[in-house]
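Visitor: Okay, here's the structure, questions in a sec.
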Amino acid sequence: MKIGRYTVTPIQFASFRLDGGCMFGSVPKNLWSKGIPADSENCIPLVCRSLVLQDGSRTFLIDVGIGDKWSEKQRAIYGIDLNSELQDGYKPSTVTDVILTHLHFDHAGGISYRDTAGALRLRYPSATVHLQAANWQQAQNPTPKDRASYLAENIDPLKEAKLMLCNGVVEIAPDIVVHRVDGHTPGQQWIEIRGDAAPLFFATDLIPTSHHLPLAFHMGYDVCAETLLKEKLHFLERAVAENALVVFQHDAATEAARVGINERGQFGVREKVPLSS
Ligand SMILES: [Zn+2]
């Protein structure tokens, strides 16, 4: 798919699962489970979806998946199934820029790996890594609320990377604009790719799946619900007004969609759009 100057290719690094209750916060199960049924352990299926953006000179990778530094026990708990057949066009050595939406393990786990001696290594050693300064700070001093999501094995190796820290709304490369949002975790950033007709919005954990489009459907993991709701409303109003293509990072069934307001007055999917087309 082409968005403006960029060829956009989705990559599904892995599938995994998380507790459905945690994923929908204060929304009762009899509401959320209609859209996304839970398994026998109350978990729902999720994926780690990334995007590759290429313009002929640079190759950007938005988020790097959950990574492979997991024990057998952790793989079972999270149901981690790594994708061994990654799409064409993806070779770690060709990535010039990594954009990390935030450093939670299901977004940044693939930034490092263990070599045969067990030492941590950067997966993209020559890439520039773009991140909000506030998230870099948060990751090194997490609160009790999201400490379990920031793992030292993903944070420490980044001290050796070419880190490009930014703050707020920044055009980090031509037609790639990052937007800081703090409700999910301080210094998260969603990504806007400007297009000719309509932009692409990579929503990250502001709206992790299409089932999280209704305003009140947000995660129990969010550190500040009130902030998140304001940020989400702003995002969705823009998405509707600009006919943006919204990409859902964790949705196993719906890669992306145009969004609208349904007959109940809620935000929802207007039209699913497969990214591979
Ligand atoms: Zn997150």
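The values are calculated or read from the model by the stated rules, or taken from the named source; none is laboratory data. These numbers were taken from a predicted model, which means no experiment stands behind them. In this analysis, Cβ positions are derived from the backbone assuming ideal geometry, glycine residues included, and neighbour counts consider all displayed protein chains.
Visitor: Does segment 93-124 hold any residues that are more than 16 Å from the ligand (Cβ to nearest atom) and surrounded by 18 or more Cβ atoms within 10 Å (Cβ to Cβ), and which are they?
Guide: Once the filter is applied, which keeps residues that are more than 16 Å from the ligand (Cβ to nearest atom) and surrounded by 18 or more Cβ atoms within 10 Å (Cβ to Cβ), segment 93-124 yields Val95, Asp97, Val98, Ser112, Leu122, Arg123, Tyr124.
Visitor: Write out, first by first residue and then by second, each pair whose Cβ atoms fall under 6 Å of each other, whose residues are 6+ apart or on separate chains, and whose first residue, in segment 208-221, is farther than 14 Å from Ile261 by Cα while the second is assigned to a loop (DSSP other than H, G, I, E, B) and away from the ligand (no atom under 16 Å from the Cβ).
Guide: Sorted first by the residue in segment 208-221, then by its partner, the pairs are Phe217/Val27.
Visitor: Now for a separate question. Return the residues of segment 194-203 that are at pLDDT 95 or above, in a loop (DSSP other than H, G, I, E, B) and away from the ligand (no atom under 16 Å from the Cβ); say none if nothing qualifies.
Guide: The answer is Arg194, Ala198, Pro199.
Visitor: Do we find that Leu103 is part of a loop (DSSP other than H, G, I, E, B), modelled with pLDDT of 95 or more and not polar (S, T, N, Q) in this structure?
Guide: Yes, satisfied.
Visitor: Identify all residues within segment 122-171 that are farther than 15 Å from Gly110 by Cα, touching a helix residue (DSSP H, G or I) at 6+ places or on another chain (Cβ under 9 Å) and charged (D, E, K, R); write none if there are none.
Guide: The one that is farther than 15 Å from Gly110 by Cα, touching a helix residue (DSSP H, G or I) at 6+ places or on another chain (Cβ under 9 Å) and charged (D, E, K, R): Asp146.
Visitor: Now, a different point. Taking the condition of being away from the ligand (no atom under 15 Å from the Cβ) and over 16 Å from the mean Cα position of the chain (by Cα), how many residues in segment 220-241 meet it?
Guide: So the answer is 11.
Visitor: Select, from Leu245, Leu236, Leu228, the only residue that is in contact with a strand residue (DSSP E or B) (Cβ under 7 Å, 6 or more places away or on another chain) and without any contact (Cβ under 8 Å) to a residue 60 or more places away in the chain.
Guide: Leu236
Visitor: Next up: Residues in segment 140-148: is at least one of a type in the set (D, E, K, R) and loosely packed, with under 14 Cβ neighbours inside 10 Å?
Guide: Yes.
Visitor: Within segment 234-267, how many residues are surrounded by 17 or more Cβ atoms within 10 Å (Cβ to Cβ) and small (Gly, Ala, Ser)?
Guide: 5
Visitor: Filter segment 168-193 down to the residues that are under 18 Å from the mean Cα position of the chain (by Cα), more than 15 Å from the ligand (Cβ to nearest atom) and in contact (Cβ under 8 Å) with a residue 12 or more places away in the chain and list them by number.
Guide: Across segment 168-193, the qualifying residues are Gly168, Ile172, Ile176, Val177, Val178, His179, Glu192, Ile193.
Visitor: Of everything in segment 125-159, what is farther than 22 Å from Arg114 by Cα, more than 16 Å from the ligand (Cβ to nearest atom) and in a strand (DSSP E or B)? Give them in sequence order.
Guide: His130
Visitor: If the requirement is being within 16 Å of the ligand (Cβ to nearest atom) and under 21 Å from Cys22 (Cα atoms), which of these qualifies: Leu215, Leu206?
Guide: Going through Leu215, Leu206 in turn, the sole match is Leu206.
Visitor: Determine whether segment 46-53 contains at least one residue that is among the hydroxyl-bearing types (Ser, Thr, Tyr), in contact with a strand residue (DSSP E or B) (Cβ under 8 Å, 6 or more places away or on another chain) and either surrounded by 21 or more Cβ atoms within 10 Å (Cβ to Cβ) or closer than 19 Å to Ala253 by Cβ (or both).
Guide: Among the residues of segment 46-53, at least one is among the hydroxyl-bearing types (Ser, Thr, Tyr), in contact with a strand residue (DSSP E or B) (Cβ under 8 Å, 6 or more places away or on another chain) and either surrounded by 21 or more Cβ atoms within 10 Å (Cβ to Cβ) or closer than 19 Å to Ala253 by Cβ (or both), which makes the answer yes.
Visitor: Return only the number of the condition from (1) under 18 Å from the mean Cα position of the chain (by Cα); (2) in a helix (DSSP H, G or I); (3) over 22 Å from Ala225 (Cα atoms) that Lys73 does not satisfy.
Guide: It is condition (1) that Lys73 fails.
Visitor: Are any residues in segment 1-48 part of a loop (DSSP other than H, G, I, E, B) and more than 30 Å from Arg194 (Cα to Cα), and if so, which ones?
Guide: Gly25, Ser26, Val27, Pro28, Ile36, Pro37, Ala38, Asp39, Ser40, Glu41, Asn42
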